[in-house]
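Comments concern the structure below.
The values are calculated or read from the model by the stated rules, or taken from the named source; none is laboratory data. This is a predicted model, so every value here is computed, not measured. As a convention, Cβ positions derive from the backbone with ideal geometry for all residues, glycine included, and neighbour counts pool all protein chains shown. Side chains included, ligands, DNA and RNA excluded: accessible areas come from the protein's heavy atoms. Shrake-Rupley method; radii C 1.70, N 1.55, O 1.52, S 1.80 Å.
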Amino acid sequence: MTQEKWGQLRQRLLKTVGQNNYTTWIEPLEFSVLRDGVAVFKVPTNFFGNYVSQNFADLILYELNNAGEAVQRLTFKVSANSVERPTPPANPTPKPVQSKQIDAVGELQAAPLDARFTFDTFVVGKPNELAHAAARRVSEGGPVTFNPLFLYGGVGLGKTHLMHAIAWELRARQPELNVLYLSAEQFMYRFVQALRERKMMDFKHLFRSVDVLMVDDVQFIAGKDSTQEEFFHTFNALVDQHKQIIISADRAPNEIKDLEDRVQSRLQCGLIVDLHPTDYELRLGILQTKVEQYRATYPGLHLADGVLEFLAQRISTNVRVLEGALTRLFAFASLVGREIDMELTQDCLADVLRMSERKITVEEIQRQVSDYYNIRMSDIIGPKRLRTFARPRQVAMYLCKQLTSRSLPEIGRRFGGRDHTTVMHGVKRIEELKLTDGQIAEDVEMLRRALEA
Ligand code: ADP
Ligand code: MG
């Protein structure tokens, strides 16, 4: 393969991975040589190579083969002259809404806070009252009593909402405090960037100078060894200085696979509270609140009796889906200029309702897919990486994402404890293949029909 060809292939990857991933992870890859089915790339650090290998190798392999290069494997070698790395990556974080910048090299910025995610708009019910109370307590900014506060719960149950609410409140009450909110992914990104640009001292200094550190979706760093290591040190340094740390994750610390013991036990030292799946009352409460908020802008909005109750009854446990349904309903109603009654609701939300009613299970999908491809179910779930198993596995993951309301981490867990990024990757992969590979498109369609029948 020529350098030029790699240059063209890279452009195709840009489309699938997105600009930020591209600039950070793909562009710096230097194609070295292709020999005996092994493509060798030069990378700036080991960590970098591992990350690309875990997250993008399949995709790169796919593109290479798609372009007629017979490649079975990729290897990444740390390049000797990595000091001369070209352009640093663009900063993926949008400008913060309102954040104090700790500006030594102008790089540590908090992630933006969503203006809608405040305590005012958070509806409290049985399933989340404990989490809410704990969040309220730390947001008062008094002496640190539990450290860290660890919030966990399934997708769409309000973790990020609560985190932002804490940050808003702290900023309002104590503007002098340095509150840093960011996702674990951003933490890792900054860490890698510091490594690449040889600015580790700055990185350490900056992170250790915050007063309140908030890290969302910490499960993301499981299995990412050097990031965990750095997180652990940052964490310890802040705890030693009695600085408040607030963490969220999609499951309890001891349930996060590939999280080092010492990190786990550190996380368990504080207060751990979980957000339970919503119940009917909470869902109804959330819907009513949203309708009121909406009415403030559109006073003419009219809802027939029973519509909200129907939705609260019928739509899953995930608040995000519930909200999405309501927004769609409003949009649709204003478009057709009709009152929102049961009939309109059923029409407009047919697919959402069908999905929560059908309840196709992950097991069902795994069984159907393994039957279809004539392999064992254990091979779909198991660790084998052979293409004969990997592709059906990705098809099954894709169908799980499409046909069930399971989150990516939940799906990953049911596929032998895989990481949610693996699932996401599989899903994207199939989405792409569906467009370029008629056979895959047909397989997926057949399976979908069989499952929905
Ligand atoms: P998570 O981070 O747990 O996946 P989010 O915090 O992003 O979930 O919540 C998903 C959506 O549901 C957000 O729009 C959020 O405002 C809303 N939401 C979740 N729980 C509540 C609640 N108790 N009251 C009001 N809105 C909620
Ligand atoms: Mg979240």
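Region 387-453: D in µm²/s via Stokes-Einstein (Kirkwood Rh, Cα pairs, 37 °C, 0.692 mPa s)? It diffuses with D of about 275 µm²/s by this estimate. Taking amide H atoms as placed 1.01 Å from N in the peptide plane, the amide H of Ser32 lies under 5 Å from those of Val40, Phe41, Lys42, each 5 or more residues away in sequence or on another chain.
With one equal scatterer per alpha carbon and no solvent term, the Debye-computed log10 I(q)/I(0) for the chain at 0.06, 0.07, 0.09 1/Å reads -0.30, -0.42, -0.70.
Accessible area per residue of the chain at 1.4 Å probe, in Å²? All intermediate terms of the calculation are to be shown ahead of the outcome.
Numbers: 21440 Å² over 453 residues.
Value returned for the chain: 47 Å² of accessible area per residue.
For region 280-356, the Cα gyration tensor yields ellipsoid semi-axes of 18, 15, 10 Å (square root of five times each eigenvalue, largest first, whole Å).
Placing dummy labels 7 Å off each Cα toward the beta-carbon, the span from Glu176 to Arg367 is 6.5 nm.
Per the 1.4 Å probe, what fraction of the accessible area of region 362-452, in percent, lies on carbon and sulfur atoms?
Numbers: 2180 of 4440 Å².
Accessible surface attributable to carbon and sulfur in region 362-452 totals 49 percent.
Relative intensity of region 161-238 on a log10 scale, I(q)/I(0) at q = 0.14, 0.24, 0.26 Å⁻¹, equals -0.47, -1.18, -1.29, per a Debye sum over C-alpha point scatterers of equal strength in the absence of solvent.
Normalised by the number of residues in region 247-338, what is the relative contact order in percent for Cα pairs under 8 Å and 6+ residues apart?
Values: 34 pairs, mean separation 25.4, N = 92.
That works out to 28 percent.
With a cut-off of 9 Å between beta carbons, the residues surrounding Ser248 carry a summed charge of -2, where Lys and Arg count +1 and Asp and Glu -1. Among the protein heavy atoms, those of Tyr181 account for about 10 Å² of accessible surface (1.4 Å probe, every chain in place). Karplus-based coupling profile of region 3-10, in residue order and whole Hz: 4, 5, 5, 4, x, 5, 4, 4, with θ = phi - 60° in 6.51 cos²θ - 1.76 cosθ + 1.60 and x standing for Gly or Pro.
In region 119-274, the C-alpha radius of gyration followed by the widest Cα-Cα span (Dmax) gives 14.9, 48 angstrom.
How much length is gained if the chain between Gln313 and Asp225 is pulled fully straight, taking 0.36 nm per residue apart and subtracting their Cα-Cα distance, in nm to one decimal? Walk me through the numbers before you get to the answer.
Working: separation 88, 0.36 × 88 = 31.68 nm, distance 4.31 nm.
Additional length available on full extension: 27.4 nm.
Sequence-ordered 3J(HN,Hα) estimates for region 13-22 from the Karplus curve with 6.51, -1.76 and 1.60 and θ = phi - 60° stand at 5, 3, 5, 7, 8, x, 4, 5, 4, 4 Hz, glycine and proline given as x. A simple spin-label model places the labels of Ala296 and Leu435 3.9 nm from each other, with each point 7 Å out along Cα-to-Cβ. Amide H contacts of Leu275: Tyr152, Gly153, each under 5 Å away and 5 or more positions distant or on a separate chain (H built 1.01 Å from N in the peptide plane; Pro and chain starts excluded). The H on the amide N of Arg418, modeled in the peptide plane, is under 5 Å from the matching H of Arg413, each at least 5 residues off or on a different chain. Taking the protein heavy atoms of region 280-356 in the context of the full set of protein chains, the accessible area attributed to carbon and sulfur is 54 percent at 1.4 Å. Of Ser183, Ser32, the order by accessible heavy-atom surface (1.4 Å probe, DNA, RNA and ligands excluded), from most exposed downward, is Ser32, Ser183.
Ranked from the most accessible area to the least, with a 1.4 Å probe and all protein chains present, what is the order of Trp168, Trp25? Kindly include the intermediate steps, with their values, before the conclusion.
Values: Trp168 55, Trp25 10 Å².
Result of the area sort, largest leading: Trp168, Trp25.
Here is how the number arises for the chain: DSSP H runs of 4 or more residues each give -39500 (n - 2.57), the sum is divided by the residue count, and the result at 222 nm is -16500 deg cm²/dmol. Remark: region 268-285, residue by residue, has Karplus-estimated 3J(HN,Hα) of 7, 5, x, 9, 10, 10, 10, 8, 7, x, 5, 10, 4, 4, 5, 4, 4, x Hz, where x stands for each Gly or Pro and the curve is 6.51 cos²θ - 1.76 cosθ + 1.60 at θ = phi - 60°.
Would you work out the relative contact order for region 193-289, in percent, from Cα pairs under 8 angstrom that are 6 or more residues apart?
Values: 66 pairs, mean separation 26.9, N = 97.
Computed over region 193-289, the figure is 28 percent.
Expressed per residue, the C-alpha convex hull volume of region 224-320 stands at 156 Å³.
Using only alpha carbon positions, build the gyration tensor of region 1-78, then give the equivalent ellipsoid semi-axes as the square roots of 5 times its eigenvalues, largest first, whole angstrom.
On the way: eigenvalues 56, 45, 24 Å².
Over the Cα atoms of region 1-78, the ellipsoid semi-axes are 17, 15, 11 Å.
FRET efficiency for the pair Leu271 and Arg320, taken as 1/(1 + (r/R0)^6) with r the Cβ-Cβ distance and R0 = 22 Å, rounds to 0.30.
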